[in-house]
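Enquirer: My questions will all concern the structure given below.
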Amino acid sequence: MNGHSASLSFRRSQRGAGALVAVVLLYVAMAIIVVFTNRNLIFEQKTSANQYRATLALEAAEAGLEWATTMLNKSGPIAAQCLDDAAGQSFRARYLSYASAARTWTPTAAGAVVASCVTSQAGTDWTCSCPAAGTAPSVAAPAAGGFKPGFAIAFVTNGATRSVDLVSYGCTAAINSATCTGDAAATVRVTLANVSALATAPGAPLTARGEVNVGNAALGVQNGDPNSAGVTVNAGMGINASSLRITSTPGTPPHSTLVGNDDSLRNSTEDQMFQTFFGVPKATWRDSVADARLSCPCTETSVSAALATGARKLWLQGNLSMNANQTLGSVSDPFILMVDGSIEMRGDLNIYGVTYSTGMTWDNTGGGSALLVGAAISEGNYQGNGTPDYYYDPRVIANLLDIPGAFARVPGSWRDF
């Protein structure tokens, strides 16, 4: 009995050892799981942080594309900090030049970084640098903590007509060259195409959405261009002109070239009419295309002074009155005169280009050689007792269509390599 009791007691004392081993093995397994879980968590955190930096750099590069395109489409001069300035060159004139004969844009420093910007992580205090061509930009990172994303831009020659390539280097730190010193970098590139400032050529030397009323004045209208069907006057309402001097394409009856009561003109709004010829709303053309903006009332002196600066896309806010006998523009160098108001002309003027206004009058030419070579467009009526000649010259129209307007991205041209 004593031996049997001792054996039972021994076996009872050994029952907890298996449980202890099992618990220890479970703890070891749990520790291994925790270690690997923590390792994966750290990996995910690092991946997420890297993704955030890469995204920040890419968004900075994208911001560079948008900023540079907007700056190219601003007509006013800028200072070295890229802000509006009363003097100096526009962003476009500073970094690009246009050869009208070849219809090509050439960067002043092809491939080199020409401008840069940087901001705080919150994006609330942008600082930019737009130095003179040939000088490297220089921006310093803001004092605020966190990332200081920035971008630097460069222009590259593109062989296509009226096009240029825009390259933007994004970085998580301030950048003044193609090299990023931050934690992440991105490079994106697009092709920008320049559309004409005059999107659609007028079909006649004189166009009015309202009526054309010159009574018995011997107004001259000439259009020998077969590509425009030889139309001489196009009006949305009636044409009251009993003594017109009409010249059109050979074999065309003169009065058949007068197109009055044109429903497409009469039923269009002023904005629709403007966009028919210029392709964009008035405000867009004024802000992104015009290279000279004048507050009026204005005279021929104002127009002449603007042309003398090299401007060829004039926006006049208010009425224009021209009285002096002078020549503005030429066959090889015409201009666009957009008047957000009325035009009143008197005297022996010679104008080469296209005029657009809310209403137009030409009186008292005095039997001289008053002449408008190109086209005149009125949102309202045309009237007057003057006898100028409106001459539709296809050479002038072709040169007007070559005048550069706004830049826009070419669809499908974006790439990040």
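Enquirer: For the range 294-417, list log₁₀ I(q)/I(0) at each q in 0.19 Å⁻¹, using the Debye formula over Cα point scatterers of equal strength and ignoring solvent, two decimals each.
Expert: -1.02
Enquirer: For Asn240, project a label point 7 Å along Cα to C-beta. Then give me every residue of the range 375-417 with its amide nitrogen under 14 Å of that point.
Expert: Only 381-385 pass the distance filter.
Enquirer: Using the basic label-point model (7 angstrom from Cα toward the beta carbon), what is the Gln51 to Arg395 distance in nanometres?
Expert: Here the modelled spin labels are 6.4 nm apart.
Enquirer: Between Asn227 and Gln121, take the C-beta separation as r, use R0 = 60 Å, and let me know the FRET efficiency to the nearest 0.05.
Expert: 0.55
Enquirer: Report, for the chain, the % of DSSP beta bridges that are antiparallel, rounded to 5.
Expert: Working: 36 of 94 bridges.
Around 40 percent antiparallel, to the nearest 5.
Enquirer: So what is the calculated 222 nm ellipticity per residue for the chain, using -39500 (n - 2.57) for each DSSP H run with n of 4 or more, over all residues, to the nearest 500 deg cm²/dmol?
Expert: That comes out to -8500 deg cm²/dmol.
Enquirer: Could you tell me the center-to-center distance, by alpha carbons, between the range 118-142 and the range 84-112 in angstrom?
Expert: Answer, in whole Å: 20.
Enquirer: Expected output is a single nm value to one decimal: the length gained when fully extending between Thr249 and Asp84, i.e. 0.36 nm times separation in residues minus the C-alpha distance. What is it?
Expert: This chain segment gains 54.5 nm when fully extended.
Enquirer: In addition: State the answer as a single residue: which of Thr387, Ile403, Trp362 lies farthest towards the positive end of the charge dipole of the range 359-417, with beta carbon charges of +1 for Lys and Arg and -1 for Asp and Glu, about the Cα centre.
Expert: Ile403
Enquirer: How high is the relative contact order of the chain, given as a whole-number percent (alpha carbon pairs under 8 Å, six or more residues apart)?
Expert: Here the relative contact order equals 14 percent.
Enquirer: Full-extension gain between Ala283 and Thr299, please, as 0.36 nm times their residue separation minus the C-alpha to C-alpha distance.
Expert: Gain on extension, Ala283 to Thr299, equals 3.5 nm.
Enquirer: So how strong a dipole does the chain carry about its Cα centre when Lys and Arg Cβ are +1 and Asp and Glu Cβ are -1, to the nearest 20 debye?
Expert: 2280
Enquirer: Multiply the residue gap between Ala199 and Phe36 by 0.36 nm, knock off their C-alpha separation, and tell me the result in nm, one decimal place.
Expert: Extra length available between Ala199 and Phe36 comes to 52.2 nm.
Enquirer: Determine the principal axes of the Cα atoms in the range 55-196, then give the extent along each, sorted from largest to smallest and rounded to whole angstroms.
Expert: 51, 32, 23
Enquirer: So if we plug the beta-carbon distance of Asn267 and Thr106 into 1/(1 + (r/R0)^6) with R0 = 51 Å, what FRET efficiency do we get, rounded to 0.05?
Expert: With R0 = 51 Å, the Cβ-Cβ based efficiency is 0.70.
Enquirer: From the list (1) 20.3, 63; (2) 21.6, 67; (3) 35.3, 152, can you say which value of Rg and Dmax of the Cα atoms in Å was derived from the structure given?
Expert: So the structure-derived entry is (3).
Quick note: the coordinates plus some simple rules give every number you see, no bench work behind them. These numbers come from a predicted model, not from an experiment. Please note: Cβ atoms are built from the backbone with ideal geometry, for glycine as well, and neighbour counts cover all protein chains shown.
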